């Protein structure tokens, strides 16, 4: 796969073009080294499928989600106003996000503040690309027949009722999809939401991510599939804590698809 | 005649006490802040039909769910019998509906079957609570009154059903033997499929004692039901009424959506508008006290949140699904609901005791009832909202309380303060420079 340059909105505008879809990367996807690999996988998938897309680059800013859920509505609405001004300025209509928290906020909370877009989570967008036949998977990719369990991100699943798209992506890999005892509507949180990602947990007898990773390990899955950079971090830490990193890996479904289409190194 | 007067007096007293209590609760709920839930009416009726009447969320846990449906059906259907009891009590008739013939036989027979099922279900519920001691019934917040309340209700149901069946047993004998008050009233034997078993035990009991048993059970049953009516609005059992309006006024938005505070939007709009002169931004007459951001005390909650607090039946499904609670943290979504209710009760009583004006008591919901440690343990995962059989949102209250901690009192754990600062300064929750946000592009 030849290298390509991910265009920014500014660059597109300079060329007098506009993208079909804006890829909203999110903070984790922009700054966290592990999450950046997911971001690159999504970008490569969009490029491979011939989707005309762009990113905001340094014009993107936090959606305000962790501030809002931590109680700082002022900061949230300031962030929202700033982002909406940028998005509306570029005339953005359709957004695909790499994070279910960004997805939820932009889909459900931005419209009332003046930001109305067609927002999709990357699992939904990728599921559509697969259904449309725009992604050709290799015959001998490593996920064929592999035992995989999917950890529902709260803000994709319970928050927005999307349980099907990520699973359909895993099924397209011809993998063996196994469910954890707590899944879908009753899926257990990874422990990162509600701004927990940025602080220590309160006193207790177990870390939430260890509890959740135990659910996943119980399924004897070889891969824990995620759809959220924060879940990915939490589950990866959980696997390390259980000393299973030799036998169980944690991957975003975008990374799995990118590997299976042979567009990732 | 005396009978009828006593009966009428019982009805009046029960009706009065019940109404008084309902008006107190209604007033307390209306102490809450405005919230518009007047839209999407047909969807609301559907939600109520499905979730409250149809108990669709109860069966997520099949054992408790099915037993609950039995008790619920029994409760509703057996109450048809109450109509007859009231007519008999007020007019001195006996089994006023006996003239319905075979329909009556079917009705009474099905009441009996349901009564037995309710009795068995309640017995199993007691075993689940006290013998198997299911974890969610043993959380710290369930000590004392909440546990006693649940036990009282289950025992009361068992006693009422037993009285109902024993009454039928004695009555069947009395009617068959044409004892004076029961003379000429004919009810088919097949109306008594369950009580006929008890009737066997009454063999050889004298006529006068049969009448005594029947009358005792009749009075016990009606007095029991009326006491129950008065008791219910003081109890977690009040959900039998409030589940209906509470589901009607459900939050119909996606669970992930958290409201955008209108009071904040107003201020942000002013800040973003270059044409606003900050010194004249407050219009004439608008200088009243600014609203409190978020929830500190129970009367900062919305009326819907207060209705939820009164609707909660303390089943603990929320708590047993809460990732914080199940990993040993202090937070329990059920306790949030119970505390909200207990505090608004306290505020209500305070208002009544002080001539309609709340007299500051130095307490507040956050602080006196709920600690910051509880609030900061929430992951906002919505598991509690999903688990609630009647669509209560403990999470909504938790996050509203965080709003007051942050926006009124600037109280946050240090790492949260840093996160806010980072977002403000760098546009990300971490301390990376905003200008480097797109740097990953160069490494694709």
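The mean sequence distance of close C-alpha pairs (under 8 Å, at least 6 residues apart), as a share of the length of the range A:9-127, puts its relative contact order at 27 percent. Most fluctuating residue of B:300, B:342, B:207 in a GNM of chain B with Cα springs under 10 Å: which is it? Of B:300, B:342, B:207, the Gaussian network model singles out B:207 as fluctuating most. Using C-alpha pairs below 8 Å separated by at least 6 residues, the relative contact order for chain B is 19 percent. Based on alpha-carbon centroids, what's the gap between the range A:130-202 and the range B:82-117 in Å, whole number please? Comparing the Cα centres of the range A:130-202 and the range B:82-117, I get a distance of 56 Å. From helices alone, the protein assembly as shown scores -16000 deg cm²/dmol at 222 nm; the rule is -39500 (n - 2.57) for each run of n ≥ 4 DSSP H residues, then divide by the residue total. Taking every residue in A:180-192 and counting other chain Cβ atoms within 10 Å of its Cβ, the average works out to 4. Does a label point 7 Å from the Cα of residue B:181, set along Cα-to-beta-carbon, have any residues of the range B:189-232 with amide nitrogen under 11 Å, and which are they? So the set is B:210-220. Averaged over peptide A:204-210, the number of partner chain Cβ atoms lying within 10 Å of each residue's Cβ comes to 5. Helix B:394-407 versus the longest principal axis of chain B: what is the Cα-based angle in degrees, 0 to 90, to the nearest 10? Tilt relative to chain B: about 30 degrees. Taking the C-alpha atoms only, the angle from helix B:62-91 to the longest principal axis of chain B is near 50 degrees.
Taking every DSSP bridge with both residues inside the range A:9-127, close to 0 percent are antiparallel. Here the range B:1-70 and the range B:385-442 have alpha carbon centers that stand 37 Å from each other. If you run the Gaussian network model on chain B, springs between alpha carbon atoms under 10 Å, then out of B:295, B:71, B:59 the most flexible one is B:59.
The mean number of partner chain beta-carbon atoms within 10 angstrom of a residue's beta-carbon across peptide B:249-261 is 6. Springs join every pair of Cα atoms under 10 Å in this Gaussian network model of chain B, and among B:161, B:271, B:261 the largest mean-square fluctuation is at B:271. Here the range B:231-272 and the range B:352-384 have alpha carbon centers that stand 16 Å from each other. With an 8 Å Cα cut-off and a minimum separation of 6 or more residues, compute the relative contact order for chain A in percent. Relative contact order of chain A: 21 percent. Between helix B:102-126 and chain B, what is the angle of the helix's C-alpha long axis to the longest principal axis, kept within 0 to 90° and rounded to the nearest 10? Once rounded, the angle reads 50 degrees.
Every number in this text was worked out from the coordinates using simple rules, so none of it is lab data. Because the structure is a prediction, the values reported are computed rather than measured. Neighbour counts are summed over all protein chains in view; Cβ atoms, including those assigned to glycine, are modelled from backbone coordinates with ideal geometry.
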